[in-house]
Each structure stands twice: as structure tokens, then as C-alpha cells.
Amino acid sequence: MAHKISDACISCGACADACPVGAIDPGDTTYVVNPDACIDCGACEEACPTGAITAE
């Protein structure tokens, strides 16, 4: 189960920096999790300052 980034994302990049497998990239308006690459470790969720990331 991959994580999902909501509209509360402020595009700070903290989640992408925390992701050990590089599964998070900048999108058009928010960062986006690649569900095929996500290993569901939760590092991004812990790193997000706005709580915009949750388990899908």
C-alpha cells in the first residue's frame, strides 16, 4: 500500500529527501508518490511538516 500526498502539500521537498527509494517526485501542484516504487516505510509521512502524507 503506497502513501498518498494531499492538497495540504506545500511542495517543500522534505518527503522526497526522506524517501529511501526515491519514490517521490515534484508534480504539477504537489509532490507525488510513485506507488510502484513506494515500499510503504512511512519515512515521508514522518518528514512532512504539514501532515499531508497518509497511507493510502
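Nothing in this text is a laboratory measurement; each read-out follows from the coordinates by a stated rule. Worth saying up front: this structure is predicted, and the values here are computed from it rather than measured. Cβ sites come from the backbone with ideal geometry, for glycine too, and all protein chains shown count toward neighbours.
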message: Please give the charge dipole size of the range 3-55, origin at the Cα centre, charges +1 on K and R Cβ atoms and -1 on D and E Cβ atoms. Round to the nearest 20 debye.
response: 60
task: Can you put 54, 29 in order of Cβ neighbours within 10 angstrom, beginning with the fewest?
output: 29, 54
field: Under the Karplus curve 6.51 cos²θ - 1.76 cosθ + 1.60, θ = phi - 60°, whole-Hz ³J(HN,Hα) for the range 21-30, x wherever Gly or Pro sits
entry: 10, x, 8, 10, 10, x, x, 5, 10, 9
- line: The ³J(HN,Hα) series, computed from each phi in the range 39-56 with the Karplus coefficients 6.51, -1.76 and 1.60 at θ = phi - 60°, rounded to the nearest Hz and given as x for glycine or proline, is 9, 6, 7, x, 4, 5, 4, 5, 7, 6, x, 9, x, 7, 10, 9, 5, 6
- request: Give the relative contact order (percent, whole number) for the chain; include only Cα pairs under 8 Å separated by 6+ residues.
  value: 50
query: Which shape class applies to the chain: rounded if a/c is under 1.5, otherwise prolate when a/b exceeds b/c and oblate if not, where a ≥ b ≥ c are the square roots of the Cα gyration tensor eigenvalues?
result: rounded
query: What is the extension gain from residue 30 to residue 1, computed as 0.36 nm multiplied by their sequence separation minus the C-alpha to C-alpha distance, in nm to one decimal?
result: 8.5 nm
